[in-house]
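For reference, the structure discussed in these notes is given below.
The values are calculated or read from the model by the stated rules, or taken from the named source; none is laboratory data. For clarity, every value in this text was computed on a predicted model and none was experimentally measured. Because the Cβ atoms are built from the backbone with ideal geometry, glycine has one as well, and the counts that use them run over all protein chains shown. Keep in mind that these areas ignore ligands, DNA and RNA; they rest on the heavy atoms of the full protein, side chains included. Shrake-Rupley method; radii C 1.70, N 1.55, O 1.52, S 1.80 Å.
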Amino acid sequence: MSRKYLLIFCFPFFIALYFLAENKGRTEYTVVSPQLKTEDSGKKLAAIYCATCHKLPSPKSLDYTTWKNSVLPNMGLRLGLKIDGKGWDADMKPQEASLVEELNVYPEYPLISEEDWSLVKKYYLENAPKSLPALVRKAESSEAIFPFTAQTISIGDSKLPQVSLLRYDSVTSNLYIGDFKSLFVLDNTGGIVNTYTLDSPASHLDFDTNGNPLLLTLGKLSPSDQSLGNLYRMGATSGVDTETLFSNLKRPVNFIAEDLNADGKTDLVLCSFGHYGGSLSWFDNFDSSKEQVLNTLPGTRKVEISDFNKDGKPDIMALMTQAREQIIIYYNTGNNNFEERTVLSFDAVNGTSYFELADFNADGYQDIMVTNGDNRDYSAIDKPYHGIRIFLNDGNDVFEESFFYPMYDCGKAMVRDFDMDGDLDIIGASLYSEYTDNRTAKESIVYLENNGNLDFTPSYMEVPIHGNWLTMEVGDFNNDNRLDVMLGTFIYNIQEMMSISMSTGVTAFPQVLLLTNTAP
């Protein structure tokens, strides 16, 4: 759902000298950058102007064409330059442009001279590969059997599935499916129990202590800084007894309800993804007037609560996914205060999309499984460094990458003991896959069976079913005491659907793909 940007809030004011001049009644600024005239001046300038707000991307992380035609022009706009005579707001709707202007995302005057900008571009273009290397994995067993059988679930006559939410309720065995502005509730036979009409697409759902659904709606599906999202306590039927708990939220995507300050009252931790601006906040006792802001960057995607330093107080782990890609722990120091520490950071092109906590090596410490694959922004190419990663915890919240499974466009993966042998397996799926390539289409869903010591055997569906798998949920859907997997199809617009149809011949797409566990 994100539309990621390579540079966010990249304003390295501390490295530029500004001279104030009056010109026809207007204040202008001239930027004098360091006089770097060595062979690697472009690299040094890139480090100065770009790496102040995110990890410096290597020229080899993208191909020449993507740098030249897409990423570098966007970088130039972020530094206050005009590209082909156009400013940053040339293709933006006035309402969105006004919000972005208030956020001071784009500088009024250039932060870099044209001469220095040419050196930055030269550095990237002269060192970029013509194309990225192909994805390479270690030798895989051809005998591994995919331990799920597939069936599709279609509801109504929707031709354009846009499933933005899947949530399984283990108490009732009901599956909640958010498809555009509808929320369907299905029982485990596939029958429709309830249908809600929503103000905007659903992004997250959980249950309060009484079992009532708490539902986030996104506001705008496309990238936006408008505050149109809401958090509801859903009633028994659509429009009846539904309570608005929070409103005017900036593209909210995730929340957790938990008592953070040990006062016996449930608090709310809320991720507002936004677009250029966002926030990570918590609200004491679910009170909208008692907001505690932890972070004001855009792109907060997911949070987890755990006592990471084992001091008896709940801490917050958050995933940031907009350019400054990182995982942060907010340690609870008491008295409603939190101390921030970044424990993982990623290159801006990694497309970090999701994480889960799990103890893979059974040492009593929470490890992190991360997916990288958000890939439909300024660099929509196959990237061999996308996939599923495991970072082991040394016991002091220092995390080291210990496993990597390469996978194009990997949007989400979930960790469970699917085969019930006592260790943790992984199911992963791609949001997009190359439909003209049978191999990558088949490998858009992978099951990684854990053999121990972080050795995983992959297996795939024998016959792939096409879908853009944005959402994933795990639960015992058929009540046979084995965990099943549910995947939601998300097709952005009619043009994308037509493109898929032309490549595959497939003309109908299900809302949900149900993978029923058949592991022995």
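What is the extension gain from Lys44 to Met502, computed as 0.36 nm multiplied by their sequence separation minus the C-alpha to C-alpha distance, in nm to one decimal? Write down the numbers at each step before the final one.
Numbers: separation 458, 0.36 × 458 = 164.88 nm, distance 4.57 nm.
Answer, rounded to one decimal: 160.3 nm.
Label Asn69 and Ala134 with points 7 Å out from Cα along Cα→Cβ: what is the distance between them in nm?
It is 2.3 nm.
Which residue, Ala236, Thr209, Phe246, has the largest displacement toward the positive end of the dipole of segment 127-272 when charges sit on each Cβ (Lys, Arg +1; Asp, Glu -1)?
So the residue furthest toward the plus end is Phe246.
Counting only residues 5 or more places away or on other chains, whose amide H sits under 5 Å from the amide H of Leu228 once H atoms are built in the peptide plane?
Here Lys220, Leu249, Arg251 satisfy the definition.
Just want the answer: with Cβ charges of +1 for Lys and Arg and -1 for Asp and Glu, which residue in Thr371, Ala348, Gly264 is farthest toward the dipole's positive end in the chain?
So the residue we want is Ala348.
Where nothing but the Cβ of Lys and Arg (+1) and of Asp and Glu (-1) is charged, how large is the charge dipole of the chain around its Cα centre, in debye to the nearest 20? If you can, show how the numbers build up before the last one.
Details: 42 positive and 71 negative charges, 421 e Å.
Taking the Cα centre of the chain as origin, the dipole is about 2020 debye.
Which order do Val193, Val136 take when ranked by solvent-accessible area (1.4 Å probe, heavy atoms of all protein chains), largest first? Mind dumping the intermediate values first?
Working: Val193 85, Val136 110 Å².
Most to least solvent-accessible, the answer reads Val136, Val193.
On full extension of the chain, what length is gained from Phe404 through Lys442, given 0.36 nm per residue of separation minus the C-alpha to C-alpha distance?
Numbers: separation 38, 0.36 × 38 = 13.68 nm, distance 1.93 nm.
Between Phe404 and Lys442, full extension yields an extra 11.7 nm.
Can you give the % of DSSP beta bridges in the chain that are antiparallel, to the nearest 5? Please list the in-between numbers first.
Values: 122 of 122 bridges.
Counting DSSP beta bridges with both partners in the chain, the antiparallel share is about 100 percent.
Under a straight-distance cross-link criterion of Cα-Cα below 26 Å, which lysines are reachable from Lys138, leaving out those fewer than 8 residues away in the same chain?
Lys60, Lys130, Lys383, Lys412, Lys442
Given (1) 23, 57, 19, 1; (2) 20, 52, 27, 1; (3) 21, 55, 22, 2 as candidate values of P(r) over Cα pairs in 20 Å bins from 0, in percent, which corresponds to the one derived from the coordinates?
Only one option fits the structure, namely (3).
State in Å² the accessible area per residue of segment 84-182; use a 1.4 Å probe, count heavy atoms of protein chains only, and round to the nearest integer. Before the final figure, lay out the partial values.
On the way: 5930 Å² over 99 residues.
Dividing the accessible area of segment 84-182 by its residue count gives 60 Å².
What accessible surface, in Å², does a 1.4 Å probe find on Thr244, ignoring ligands, DNA and RNA and rounding to the nearest 10?
Surface accessible to solvent at Thr244 totals approximately 80 Å².
How large is ³J(HN,Hα) for each residue in segment 259-271, as worked out from phi by the Karplus curve 6.51 cos²θ - 1.76 cosθ + 1.60 (θ = phi - 60°), to whole Hz, x for Gly and Pro?
7, 8, 10, 6, 9, x, 10, 6, 9, 10, 9, 10, 9
What is the set of long-range amide H partners of Leu165 at a cut-off below 5 Å, with H atoms built 1.01 Å from backbone N?
Under 5 Å from the amide H of Leu165 lie the amide H atoms of Gly178, each far enough along the sequence or on another chain.
Non-local amide H neighbours of Gly411 (under 5 Å, H modeled in plane, Pro and chain starts lacking H): which ones?
Here the answer is Ala429, Ser430, Leu431, since their amide H atoms fall under 5 Å of that of Gly411.
With +1 on each Lys and Arg Cβ and -1 on each Asp and Glu Cβ, how big is the dipole of segment 116-252 about its Cα centre, in debye rounded to the nearest 20? Please report the intermediate quantities before stating the final value.
Details: 12 positive and 14 negative charges, 137 e Å.
The dipole magnitude comes to about 660 debye.
Taking a point 7 angstrom from the Cα of Gln226 along the C-beta vector, which residues in segment 82-105 have backbone N less than 19 Å away?
89-103
For segment 420-520, which GluC sites (Glu not before Pro) are in a loop by DSSP, counting at most 16 other Cβ atoms within 10 Å?
Working: sites: Glu434, Glu443, Glu449, Glu462, Glu473, Glu496; in loops: Glu434, Glu443, Glu462.
Counting only loop positions with at most 16 other Cβ atoms within 10 Å, the GluC sites (Glu not before Pro) in segment 420-520 are Glu434, Glu462.
How high is the FRET efficiency between Lys122 and Lys86 when r is their beta carbon distance and R₀ equals 30 Å, given to the nearest 0.05? Could the numbers behind the result be given before it?
Values: r = 22 Å, r/R0 = 0.73.
About 0.85, to the nearest 0.05.
Going by average Cβ neighbours within 10 Å, how do the peptides 280-290, 65-75, 256-266 rank, with the highest at the top? Working shown, then result.
Numbers: 280-290: 16.3, 65-75: 18.3, 256-266: 14.5.
The densest-packed peptide leads the list: 65-75, 280-290, 256-266.
If R₀ is 41 angstrom, what is the calculated FRET efficiency for the pair Glu115 and Ala380, using the beta carbon separation as r and rounding to 0.05?
Values: r = 31 Å, r/R0 = 0.75.
E between Glu115 and Ala380, to the nearest 0.05, is 0.85.
Just from its helices, what would the mean residue ellipticity at 222 nm be for the chain, if runs of 4 or more DSSP H residues each count -39500 (n - 2.57) and the sum is divided by every residue, rounded to the nearest 500 deg cm²/dmol? Kindly include the intermediate steps, with their values, before the conclusion.
Working: 6 runs with 55 residues, N = 520.
That comes out to -3000 deg cm²/dmol.
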